[in-house]
Amino acid sequence: MKVVITGASAGIGRALAETFARHGHAALVVARREARLVALCRDLGDRYRVAAYPLALDLTHADAAEVLFQEAVRRFDKVHVLINNAGMSPYQDFCELSSCDLRQILALNVQALTELCHRFIPHMVDHGEPSHVVNVGSVGGYAPLPYFSVYTGTKHYVRVFTNLLHHEYRGTNVRVSALHPGGVLTEFPELAGQRVRPWAQRGMLTPERVAELAYPAILRGQRAIIPGSTNKLAVTVGKVLPFPWAIRIMTLIYRLSVTKTDPTYRRCQGPS
Ligand SMILES: NC(=O)c1ccc[n+]([C@@H]2O[C@H](COP(=O)([O-])OP(=O)(O)OC[C@H]3O[C@@H](n4cnc5c(N)ncnc54)[C@H](OP(=O)(O)O)[C@@H]3O)[C@@H](O)[C@H]2O)c1
């Protein structure tokens, strides 16, 4: 299969690229840090003898979905797997976020993901071969995450949107899944401005483990993929408990496991 993965220069996206390559699939890997993508592609080619291509692209740019689609079709002709993995958010009070932060979170987590589905699904339906779309959400799509109001909102969008796409395309060759991680040992917490206490890190999954758990579930076309028992528990909290109880529990967990630091995301270039 020919696979497109966004946010593949680090964390879960990188681990998914490795897992797909290990199973013999060619990949187009996308993110902003080109040197990392080039090194990843070289590594995947050397280790697994698969074709892997880098594409340096900021997915928050207005024409990004079109640029990515054209490059994917140029490289592969037919694309069989799209993984919308890139996502971000500072861990801050709502009013600490700048307007530019808001635009960036929404553009990446919602707009780019939606446009890429809109571009690739008709292409997959047209070529007719077994295909998969995977949108990476979060346990935050089920359980409320304190100091992540906008982020949690975007991940609710990813969950609901993906459920509906799964339903809409169930009679076609395209299977649509959402992968909902939570607490993964990637760059995400530090970039967001979270210092995770050592005891809490012990309960977190590695991105490699997430990818390993997700791979067979993606190929089965599972609608919602929740890797790991701790994350399943957090999802149950969000599903079963009324909001006032769920937010109390999640706030307590965050208070015990995370300290707030300064986000180290590339700061927004634009009006604050
Ligand atoms: N880690 C967790 O605990 C956790 C929990 C729940 C959900 N998730 C979700 O899982 C997904 C992956 O997270 P992760 O933990 O692997 O994060 P990560 O280590 O921070 O990686 C994020 C990836 O997204 C790319 N990216 C960020 N902004 C981009 C932009 N504007 N254009 C293109 N690429 C961009 C980054 O590459 P460049 O900087 O090179 O562009 C990087 O490859 C996200 O959707 C996140 O919300 C993570």
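The values are calculated or read from the model by the stated rules, or taken from the named source; none is laboratory data. Predicted model only: the values in this text are computed from it and were never measured. With ideal geometry, Cβ positions are generated from the backbone for all residues, glycine too; neighbour counts draw on all protein chains shown.
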Exercise. Does ALA51 meet the test of being within 21 Å of ASN135 (Cα to Cα), at pLDDT 95 or above and either surrounded by 18 or more Cβ atoms within 10 Å (Cβ to Cβ) or more than 15 Å from the ligand (Cβ to nearest atom) (or both)?
Worked result: no
For this session: Would you be able to say whether some residue in the range 205-227 is within 16 Å of the ligand (Cβ to nearest atom), part of a loop (DSSP other than H, G, I, E, B) and not polar (S, T, N, Q)?
Result: yes
For this session: Examine the range 158-176 for a residue that is within 12 Å of the ligand (Cβ to nearest atom), assigned to a helix (DSSP H, G or I), over 21 Å from LEU82 (Cα atoms) and under 14 Å from the mean Cα position of the chain (by Cα), and state whether such a residue exists.
Result: no
Exercise. Given (1) farther than 20 Å from ILE218 by Cβ; (2) within 13 Å of the ligand (Cβ to nearest atom); (3) not hydroxyl-bearing (Ser, Thr, Tyr), where does ARG74 come up short, assuming only one miss?
Worked result: (2)
For this session: Check the range 59-71 and report whether any residue there is more than 15 Å from the ligand (Cβ to nearest atom), at pLDDT 95 or above and surrounded by fewer than 22 Cβ atoms within 10 Å (Cβ to Cβ).
Result: yes
Exercise. Residue check, SER89 against (1) within 10 Å of the ligand (Cβ to nearest atom); (2) touching a residue at least 60 places away in the same chain (Cβ under 8 Å); (3) part of a helix (DSSP H, G or I), all met but one. Which one?
Worked result: (3)
Exercise. In the range 22-79, which residue that is of a type in the set (Gly, Ala, Ser) and part of a helix (DSSP H, G or I) is nearest to CYS117 (Cα to Cα)?
Worked result: ALA65
For this session: Report yes if some residue within the range 50-63 is touching a residue at least 40 places away in the same chain (Cβ under 8 Å) and closer than 17 Å to LEU28 by Cβ; otherwise report no.
Result: yes
Problem set entry | Residues of the range 17-35 satisfying the condition of being closer than 14 Å to ALA64 by Cα and either out of contact with any Leu (no Cβ under 9 Å at 6 or more places or on another chain) or surrounded by fewer than 19 Cβ atoms within 10 Å (Cβ to Cβ) (or both) | ARG32
Exercise. Which of the residues that make up the range 15-42 are farther than 28 Å from SER89 by Cα and either among the aliphatic types (A, V, I, L, M) or within 15 Å of the ligand (Cβ to nearest atom) (or both)?
Worked result: ALA21, ALA26
Exercise. Considering only residues of the range 226-239 that are surrounded by 17 or more Cβ atoms within 10 Å (Cβ to Cβ) and touching a residue at least 60 places away in the same chain (Cβ under 8 Å), which is nearest to GLU168 (Cα to Cα)?
Worked result: ILE226
Seminar exercise, completed: Scanning the range 1-14 residue by residue, the ones that are within 17 Å of GLY87 (Cα to Cα) and surrounded by fewer than 22 Cβ atoms within 10 Å (Cβ to Cβ) total 1
Exercise. Before we move on, is THR154 of a type in the set (S, T, N, Q), within 14 Å of the ligand (Cβ to nearest atom) and assigned to a loop (DSSP other than H, G, I, E, B)?
Worked result: no
For this session: Take the residues in the range 181-204 that are touching a residue at least 24 places away in the same chain (Cβ under 8 Å) and more than 10 Å from the ligand (Cβ to nearest atom), then tell me which one is surrounded by the fewest Cβ atoms within 10 Å (Cβ to Cβ).
Result: TRP199
